[in-house]
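The values are calculated or read from the model by the stated rules, or taken from the named source; none is laboratory data. Because the structure is predicted, anything quoted here is derived from the model rather than measured. Every residue, glycine among them, receives a Cβ derived from its backbone with ideal geometry; neighbour counts consider all protein chains shown.
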Amino acid sequence: MSTHVSVDVTVNGARYRREVEPRLLLSDFLRQDLGLTGTHVGCEHGVCGACTILFDGEPARACIMLAVQADGHDIRTVESLASPGGDLNPLQAAFKSAHGLQCGFCTPGMLMTLTAFLRDNPNPDESQIRDSISANLCRCTGYQHIVHAVQIAAGSRPPGD
Amino acid sequence: MLTGRAMFVDDVNLPGMLHVAFVRSMNAHGTLKSVDVEAARAHAGVVAVYTAEDLGDYSKPAPLLVNPPPIPGHVFHACTPLPLAKDKVRYVGEPIAMIVALSRYVAEDALADVVVDIDPIEAVVDLEAAMAPGAPLVHPHLESNAAAHVVQRKGDYATARAAADVLIKRRFLYDRGVAAAIENRAVAVEWNARAEEMTIWDTTQAPIPIRNGLAKMLGLLESQVRVVAPFVGGGFGPKIMMFYPEELLLPWAAMLLERPLKWTEDRQENFYATTQERGQVHESEMALSRDGRILGVRDWFLCDTGAYDPYGLTIPINTQCTLLGPYDIPNYDTEFTSVFTNKPIVTPVRGAGRQHGVFVSERLLDIAARELGIDRVEIRKRNLLGPDRFPHNHEIMFQDSAPLVYDSGDYLPTLEQAADLIGYERFIREDQPRLRAEGRKVGVGIACYVEGTGIGPYEGARVTVEPSGTVRVATGVGTQGQGHFTVLAQIVADALGVGVEDVRVVTGDTREFHWGTGTFASRGAVVAGSACHAAATSVRGKILDLASVVLGVPADRLELGGGRVKIAGAADNGIAFGYLAGRANPLRGAVRPGTEPGLESTAYFGPDRGSTASGVHAMIVEVDPETANVKIQRYLVVHDCGTIINPLLVEGQIHGGVAHGIGNAFFESLVYDGQAQLLNASFMDYLLPTATDVPSIETAHRETPSPFNVLGLKGVGEAGCIPTGAVFAQAVEDALGADPRIEIREIPMSPNRLFELIEEARKS
């Protein structure tokens, strides 16, 4: 059980080498071993999407992956979005101005899902936006202000509208 | 929160921290014969295992949180749980043993080593079966499974009934589900044995009562215990439930082991171990005159309270009171029996029983309208309380032990505006006939509600101007994303004359502020907001007094703005608040008699009773005739929560509430089998509404200020989800052609269930 396996992974541009139990979840590895607690865990069965990260650039659920699967891969978490000085990126700023978050627990997963979505679909319409976050659960907002935030980030809605 | 730096409870990691997992009952009902933990104790990496026996004197029933209101003749049997089950288990998920280990992984490994011997007893599942003679008893010391019985009466229903032209009598079922905050519950504890100080990070909506209660139970001074509710990932009710077993046991074990401990609930546990809200069965009758005026209502219902009833009667009394809605109902007989079952404990979830009451009265009105041939909007108009009827005393008692008195309201314009904005007349006259001719099943629904909000007992706030000029606000209410930071900052900024960005709000940390109750009943902005306003107003007075001395002019010649005070009309900028804050706290020189150091005040607000918000929801739906799937084409909310502090935040609260209501109406259902095993304890099987299920919600604001607080505030946190089931049922019925054979008398109404109703009607 306690045989450890070596993991060599790049997270937010920094390279980490760690010895981990093969059964260690990637979400626990990020949160506990690396201290990157911005990635949240809401269901541990891959449904709620709070733990969404970018795995080699594509959205993935860190709670249903093992840390060892990340060996040799590139991961980005919510901590990578703002500038090192703390300035919000345009998507984060849009979430702030549109009241796109309430409790903030689903927000990291939303942001990572949408980061990849907007990269691939820079000019989405509302139904595409709703579709893109339809696998990320939010209990607070009713999604409407999140949709507005994405529209602001995509330039199809003025900030503060 | 946007950068990933905000701290939630599970983010607390301390050196030497141990991790906890719980052995939980797999049986809903049974005799607990033995718990063998020897193998678990021997498991490598396990530090301790505790059962009820190991707790000694600490094994006591949890306190009753809310005493029943003093309604004459009421019966209430308080049955609260032990931290760890002893002798008997009463629901699946009830904690039996606690395992402390080096990691959560090891703690969960050791769960399998615990041998629990339970002799099963037939489970009490269905409410009516629970009350049948000979039913197995959840609490054998009682004569039946009745947890409570309450009758409230207003006027004389029997006489009203005798005088009625029409009686509408129906049976209704209204079920609810889990709160499903995306963050599960968590508790982290650090006991500093040298300083004899305890810090508890807790996903609670009520950090101050948790601190006070734990201090008492642990034999510590309140000042030795600090409870922090940091960022909390959604509350919606169950996080107000106090003294969950995990909250009681981790601090106790941390003192014993002198190690920091953490437990974080997983999603499956959340379906069992966190409280939820469930069903009621109503037998209801409305007596009306031929012209559609309500002469009276009689309502009798059973209410599921689960295995224990620590939260008293809040839910069923909310149901009783909210059933009256915005209507003039002169005669009202209402009676309920709260029922113990072998299911998880029921405590308020957003709406807290109000949905059930609104569903009953709105459905009765819809059926009456159909039978009397009166339009649905018209029958409501005829029964609304007019603006000259406030304050309106309904002559029954509300959950806060105060008489149910509506403070203010302006209901008719709200209904008219909603009907106008949804295009009710045009839809009925033009759109619907045209679309029906094309074979499409479209319908409109419109329903009214009120919500008692902002109840006592009280909240407090401390406002401090720091020498830097920053204004610090501390209050006791926890926050779970409602926007308290923004709203409270706005109130203080406006009262003092500083920018919102210069106000820093701290909530939910007992070290910062330790008087208050918590966040529930849509009361944060109303009660804590009023306290902030009072404290800021007091600080404003201190600023004026001191500035008057410094500038040598009477206070009434001074004006405040931009964080500065100046002589009215003077050309200069005056003096900064920060400078005055320094002057008010000198290193030398005495404080003048009758003054206090600093520019700081603490104030409290305790309303005698709550303020009543109101609104109207309307929706247009289309039902797929083959699949019975319902598509919401439009959803409109016209609401009145008194003075609006921040429209964007109000809309956020409404959107979230409506989404929750849509889930309740259509998707969310806790499915228990005949032995009270929950069959859908995951987000795979318990469906929360997603971004493609919730439509864009149109909102319109009206403002009828409350006379019960200076700012005229009413709460808004729960309003969005209260009438959703009622308006959904009405709209779907209308879409199906207002066919008297299809009456929706139950919620949730899944596509499957709706399909069945349509088929039954077709065959009849």
The correct count of residues that are closer than 22 Å to B:Pro403 by Cβ and either more than 25 Å from the chain's Cα centre (by Cα) or surrounded by 22 or more Cβ atoms within 10 Å (Cβ to Cβ) (or both) in the range B:69-92 is 2
Going through the range B:400-427 in order, the residues found to be without any contact (Cβ under 8 Å) to a residue 60 or more places away in the chain and under 28 Å from the mean Cα position of the chain (by Cα) are B:Leu412
Quick count over the range B:8-41, residues being part of a loop (DSSP other than H, G, I, E, B), touching a Gly at 6+ places or on another chain (Cβ under 9 Å) and within 14 Å of chain A (Cβ to nearest Cβ), is 1
If you go through A:Gly109, A:Gly100, A:Gly104, the only one that is at the interface with another protein chain (Cβ under 7 Å from one of its Cβ atoms) and under 16 Å from the mean Cα position of the chain (by Cα) is A:Gly104
Among the residues of the range A:144-160, are any facing chain B (nearest Cβ under 7 Å), crowded, with 24+ Cβ neighbours inside 10 Å and touching a residue at least 60 places away in the same chain (Cβ under 8 Å)?
no
The lone condition B:Pro607 fails out of (1) part of a helix (DSSP H, G or I); (2) within 30 Å of B:Arg702 (Cα to Cα) is (1)
Checked the range B:511-538 for anything in contact with an Asp or Glu (Cβ under 7 Å, 6 or more places away or on another chain) and assigned to a helix (DSSP H, G or I); matches are B:Val527, B:Ala528, B:Ala531
Could you tell me whether any residue of the range B:93-105 is in a strand (DSSP E or B), under 33 Å from the mean Cα position of the chain (by Cα) and over 30 Å from B:Pro251 (Cβ atoms)?
no
Residue hits (the range B:248-267; charged (D, E, K, R) and either assigned to a helix (DSSP H, G or I) or surrounded by fewer than 22 Cβ atoms within 10 Å (Cβ to Cβ) (or both)) are B:Glu258, B:Arg259, B:Glu265, B:Asp266, B:Arg267
Taking the range B:106-125 and keeping only residues that are touching a residue at least 60 places away in the same chain (Cβ under 8 Å) and part of a loop (DSSP other than H, G, I, E, B), one is left with B:Asp113, B:Val114, B:Ile121, B:Glu122, B:Ala123, B:Val124, B:Val125
The condition of being at pLDDT 95 or above, more than 11 Å from every other protein chain (Cβ to nearest Cβ) and within 21 Å of A:Cys140 (Cβ to Cβ) holds, among A:Phe95, A:Phe117, A:Phe55, only for A:Phe117
Per the filter on the range B:218-234, residues farther than 20 Å from B:Arg5 by Cα and crowded, with 19+ Cβ neighbours inside 10 Å are B:Val225, B:Arg226, B:Val227
Of the residues in the range B:168-196, those that are touching a strand residue (DSSP E or B) at 6+ places or on another chain (Cβ under 8 Å) and exposed (fewer than 15 other Cβ atoms within 10 Å of the Cβ) come to B:Lys169, B:Arg171, B:Asn192
Residue hits (the range B:466-475; more than 19 Å from B:Ala6 (Cα to Cα) and of a type in the set (Gly, Ala, Ser)) are B:Ser468, B:Gly469
Exactly one of A:Ser132, A:Ser127 is without any contact (Cβ under 8 Å) to a residue 12 or more places away in the chain, within 12 Å of chain B (Cβ to nearest Cβ) and closer than 27 Å to A:Pro158 by Cα, and that residue is A:Ser127
